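To start, the structure itself, in structure tokens.
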Amino acid sequence: MEGVVSVGEFVTQNQQRFQDELFRLLEIPSVSTDPERKGEVVRCAGEVARQMGQAGLQKVQVTETGGHPLVYGEWLGAAGQPTVLIYGHYDVQPEDPVDLWTSPPFTPTIRDGKVFARGATDDKGQFIAHIKAIEALMKSEGKLPVNVKVVIEGEEEIGSRHLAPFLEKNREMLQADVLVVSDSAMFAPGKPSIVYGLRGLAYVQVDIKGADSDLHSGVFGGAVPNPGFELCKLVAQLKDDQERITVPGFYDKVIDLTPQERADYARLPFDAEEFRKELNVPGLSGEVGWTPLEQRSGRPTLEINGMLCGWTGPGAKTVLPNKAMVKISCRLVPNQDPEEIAQMLADHIKKLCPPTVECQVTSLHGGKPWLTPRQHPALDCANRAVEAVFGEQALFVREGGSIPIVVDFQTILGLPGLLVGFGLNTENLHAPDEHFDLGNYQAGIRLSVELLRQLSSYQKP
Ligand code: BES
Ligand code: MN
Ligand code: MN
């Protein structure tokens, strides 16, 4: 059959099989944060490796990292052509709260042209599209237009702890010209986008402790400090009435959006009122002076991710809790440094905490923000590929989410990042009923084929 059909026909003819094989991945609960799922994570790595081998990639190996394994494969038969390193992650977020799913999270189910399953859009459906594109090219043309190296990790959702050391140790093997990542979204359905910026992350936990144990709130309340109340007062002071973060020094290193970027943001097809309605929230809020799109991707934030204190069961319990906890994270923009910000945050919180309770701040994890010049030639290649497949120009956007490892690929291996995702931010990533549009899966495979073609003319700036 080789060479008989065109790559486009091959993609069409194998649509059902490519879908079935995506489902094989989605059936495996590769939840990286859950120690009980260790075996499933490893099983998923094996299935990724199997599909990579079937695609025609060589030297496919499941590599131990000290944490969850990563899968590597390569095809280096395009002498003199650039080398493209494709990155993705096969691990997924936990499925909780599981009772809010319409169909079971690890039983891929099609409704309305979308497949519902944990990891469908983040990131199994997206990275496997590249593998299928490689298979289509290999089995129709017998070769690829560029050299390809593929790294699919199993720890992205828990901070990619072992990936940077792996990059350090394997510089030679991983040498390439450009990094391609599909782990982000199109701006809107039918609006393919090239992401040129990602936010970073600084995540801390604050523990407040009062007396040695919970107390009767009638017998002791009034004289003994309430950790819940002190925590709330403290947290409330972290932003002012303009929704600006009050941590001293927090904004010092922020690179402001340029007038050009702000003009481009304003031209994006976005309606704040529609956005509000879609989320069914009574009103939007955010840092004064910036539009919702700017607030969500170009400005740093501080959010409460979770709080714990006192009686939360049914009915009333008159108790004076002895401790309270909050998890807080900041999304960071270039050039804020996650460690510096975590330190500033810890210092500030400790200063705000009254001497009547104890306060402990623990840094949980962080990631650097990323920004690449929009004139980079790699982005031009992607734009041409988008035009060829979607018939329109790509939108250039910054994303609010974080993929910290993109910075490591840049600093350790010197690779410029090219982020073209074909998920949608409305596809419930990290939430119940995560799904992935199967039309975008097909489009993603075609886009990857075209991207590899376009990258054959990539030249380092
Ligand atoms: N794929 C997401 C990040 C993302 C989502 C980028 C949407 C662009 C658009 C990634 O898997 C993720 O969830 N990252 C985490 C950070 C990580 C350190 C846990 C995040 O952003 O919370
Ligand atoms: Mn992801
Ligand atoms: Mn994720």
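Given a 1.4 angstrom probe, what's the average accessible area per residue across the chain, in square angstrom?
I get 44 Å² per residue for this part.
Taking LYS239 as the anchor, which lysines have their alpha carbon closer than 28 Å to its alpha carbon, excluding any fewer than eight residues away along the same chain?
Of all the lysines, those that pass the test against LYS239 - Cα under 28 Å, at least 8 places apart if same chain - are LYS209, LYS253, LYS277, LYS323, LYS327, LYS350, LYS351, LYS368.
By average Cβ neighbour count within 10 Å, what is the ranking of 71-81, 277-287 from highest down?
My ranking of the peptides, most packed first, is 71-81, 277-287.
Starting from the amide H of LYS114, placed 1.01 Å from N in the peptide plane, find each other amide H under 5 Å away whose residue is 5 or more places distant or on another chain.
The list, which skips near neighbours in sequence, is LEU438.
So which lysines pass the test for LYS132, namely a Cα distance under 23 Å, with those fewer than 8 places away in the same chain ruled out?
LYS132 reaches LYS59, LYS114, LYS124, LYS143, LYS149, LYS191.
Kirkwood-based Rg over Rh for the stretch 257-366 (C-alpha set), two decimals?
A ratio of 1.07.
Go through the cysteines of the chain and tell me which have no other cysteine Cβ under 4.7 Å away.
Singleton cysteines: CYS44, CYS232, CYS309, CYS330, CYS381.
How would you order 144-153, 340-349 from highest to lowest mean count of nearby Cβ atoms within 10 Å?
Final packing ranking: 144-153, 340-349.
Given that compact globular proteins tend to follow 2.2 N^0.38 Å, what is the ratio of the alpha-carbon Rg of the stretch 169-244 to that value?
The stretch 169-244 yields a ratio of 2.14.
How far is helix 125-141 tilted off the main Cα axis of the chain, in degrees rounded to 10, range 0 to 90?
10 degrees
Helix 227-236 against the longest principal axis of the chain: what's the angle in degrees, Cα atoms only, rounded to the nearest 10?
60 degrees
Multiply the residue gap between GLN410 and ASP112 by 0.36 nm, knock off their C-alpha separation, and tell me the result in nm, one decimal place.
Length difference between fully extended and current span is 103.4 nm.
At a 1.4 Å probe, what is the % contribution of carbon and sulfur to the accessible area of the chain?
51 percent
If packing is taken as the average number of other Cβ atoms within 10 Å across a peptide's residues, how do 54-63, 110-119 rank, most packed first?
Ranking, from highest mean packing down: 110-119, 54-63.
Out of all DSSP beta bridges with both ends in the chain, state the antiparallel percent to the nearest 5.
Approximately 70 percent, going by the DSSP bridge assignments.
When the Karplus curve 6.51 cos²θ - 1.76 cosθ + 1.60 is applied with θ = phi - 60°, which whole-Hz ³J(HN,Hα) does each residue of the stretch 255-267 get, with x for Gly and Pro?
8, 5, 4, 6, x, 5, 4, 5, 5, 5, 4, 5, 8
First select every other residue whose beta carbon is under 11 angstrom from the beta carbon of SER184; then total the charges, Lys and Arg +1, Asp and Glu -1.
So the surrounding residues net to -3.
Report the net charge of residues surrounding GLY210, where surrounding means a beta-carbon distance below 9 angstrom and charges are Lys +1, Arg +1, Asp -1, Glu -1.
Residues near GLY210 contribute -1 overall.
Given +1 on the Cβ of Lys and Arg, -1 on the Cβ of Asp and Glu, and no further charges, what dipole in debye does the chain carry about its Cα centre, rounded to the nearest 20?
420 debye
Along the stretch 22-31, what does the Karplus equation 6.51 cos²θ - 1.76 cosθ + 1.60 (θ = phi - 60°) give for ³J(HN,Hα), rounded to whole Hz, x for Gly and Pro?
Ordered by residue, 3J(HN,Hα) equals 4, 4, 4, 6, 5, 6, 9, x, 7, 7 Hz.
Give the long-range amide H neighbours of SER193: residues separated by 5 or more places, or on another chain, with amide H under 5 Å away, using H modelled in the peptide plane at 1.01 Å from N.
PHE187, LEU395, GLY421
Using a 1.4 Å probe on the protein heavy atoms only, what accessible surface does PHE23 show? Give it in Å² to the nearest 10.
Using a 1.4 Å probe on the heavy atoms, I get roughly 30 Å².
Read phi for every residue in the stretch 9-16 and hand back ³J(HN,Hα) as whole Hz from Karplus 6.51 cos²θ - 1.76 cosθ + 1.60, θ = phi - 60°, with x for Gly and Pro.
5, 4, 4, 5, 5, 9, 3, 5
The values are calculated or read from the model by the stated rules, or taken from the named source; none is laboratory data. These numbers were taken from a predicted model, which means no experiment stands behind them. Counting neighbours? That spans all protein chains shown, and the Cβs are built from the backbone with ideal geometry, glycine included. What goes into the accessible areas is simple: the full protein's heavy atoms, side chains included, and nothing from ligands, DNA or RNA. Shrake-Rupley method; radii C 1.70, N 1.55, O 1.52, S 1.80 Å.
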